[in-house]
1. Out of region 113-130, which residues are among the hydrophobic types (A, V, I, L, M, F, W, C) and surrounded by fewer than 18 Cβ atoms within 10 Å (Cβ to Cβ)?
2. Those residues that are over 18 Å from D158 (Cα atoms), outside any loop (DSSP other than H, G, I, E, B) and either touching a helix residue (DSSP H, G or I) at 6+ places or on another chain (Cβ under 7 Å) or open to solvent by 20 Å² or more (accessible area, probe 1.4 Å) (or both), I need them from region 1-22; list them, please.
3. Of all the residues that make up region 134-172, how many are free of Cβ contacts under 8 Å to residues at least 40 places away in the same chain and of a type in the set (S, T, N, Q)?
4. Which residue, of I90, I72, is out of contact with any helix residue (DSSP H, G or I) (no Cβ under 7 Å at 6 or more places or on another chain), modelled with pLDDT of 95 or more, of a type outside the set (F, W, Y) and not in a strand (DSSP E or B)?
5. For the list (1) more than 13 Å from the chain's Cα centre (by Cα); (2) within 22 Å of D154 (Cβ to Cβ); (3) crowded, with 19+ Cβ neighbours inside 10 Å, I need the number of the one condition that L52 fails.
6. Identify, by number, the condition in (1) over 15 Å from the mean Cα position of the chain (by Cα); (2) over 12 Å from C7 (Cβ atoms) that A164 doesn't meet.
7. Can you say whether W108 is more than 30 Å from D192 (Cα to Cα), of a type in the set (A, V, I, L, M, F, W, C) and either assigned to a helix (DSSP H, G or I) or open to solvent by 40 Å² or more (accessible area, probe 1.4 Å) (or both), as far as the supplied structure shows?
8. Given the structure, is L102 closer than 28 Å to D175 by Cβ, surrounded by 14 or more Cβ atoms within 10 Å (Cβ to Cβ) and modelled with pLDDT of 95 or more?
Amino acid sequence: MGMNVVCLDLEGVLVPEIWIAFAEASGIPELKRTTRDEPDYDKLMKWRIGILKEHGLGLKEIQDTIAKIDPIPGAKEFLDELRSITQVIIISDTFTQFAAPLMKKLGWPTIFCNTLEVADNGEITGFKMRCPQSKLTTVKALQSCGFDTIASGDSHNDLAMIKASKAGFLFKSTDAIKAANPELKAFEEYSDLLAAIKEAL
């Protein structure tokens with residue numbers, strides 16, 4: 001049995017999409033756009049920060065919404081079981097300041113994500129990405145240290161890490177992404193994803 005690390009996406013896989021929840025809470029429908037709509041994350045984030053500024057919304061307002069978000073039903077149990085049998089890292093394009101309350105609800109799993117730049121008054125002024133193509137770069141780095149990776153995610157920005165891994169699965173993805181990647185097994189239920197990961201270990 002090799003040394004395996006399971007790499008999971010966060011939003012859409014373990015927790016609801018944070019920006020969609022915030023768009024609903026704040027009544028700003030434009031903020032519903034995600035990487036499914038705008039694959040260029042840099043462009044998407046700059047656009048989001050512009051909208052927040054326009055509406056005078058800062059980190060506190062987003063964190064207030066995040067405090068009310070619960071993980072997808074079954075996510076914590078799935079993670080707990082998975083972490084009892086192998087190493088798991090959540091690799092996400094979200095930000096430390098958003099993820100912390102959700103990590104608490106998930107039992108503090110390990111997460112690699114990015115950081116927001118926030119002014120003293122709470123205004124979000126920018127963001128710092130950990131590294132380019134963070135998911136693929138991280139998976140390749142883990143592989144260079146002697147780990148085999150097994151990856152799962154739901155969106156465009158997960159495909160590279162899924163395809164670069166020893167085994168990779170789509171989870172709660174869109175019909176379009178599933179149709180474009182027919183070679184990838186796609187699951188909707190945690191029990192099915194868990195079984196597929198166990199088989200790949």
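1. V118, A119, M129 - these are the residues of region 113-130 that are among the hydrophobic types (A, V, I, L, M, F, W, C) and surrounded by fewer than 18 Cβ atoms within 10 Å (Cβ to Cβ).
2. Hits for region 1-22 are I20, A21, F22.
3. 3
4. I72
5. Of the numbered conditions (1) more than 13 Å from the chain's Cα centre (by Cα); (2) within 22 Å of D154 (Cβ to Cβ); (3) crowded, with 19+ Cβ neighbours inside 10 Å, the odd one out for L52 is (2).
6. Looking at each condition in turn, A164 falls short on (2).
7. No.
8. yes
The values are calculated or read from the model by the stated rules, or taken from the named source; none is laboratory data. What you are looking at is a predicted structure, and each value in this text was computed from that prediction instead of being measured. We place every Cβ from the backbone using ideal geometry, glycine too, and count neighbours over all the protein chains shown. Quick note on the areas: whole protein, heavy atoms, side chains included, nothing else; ligands and nucleic acids left out. Shrake-Rupley method; radii C 1.70, N 1.55, O 1.52, S 1.80 Å.
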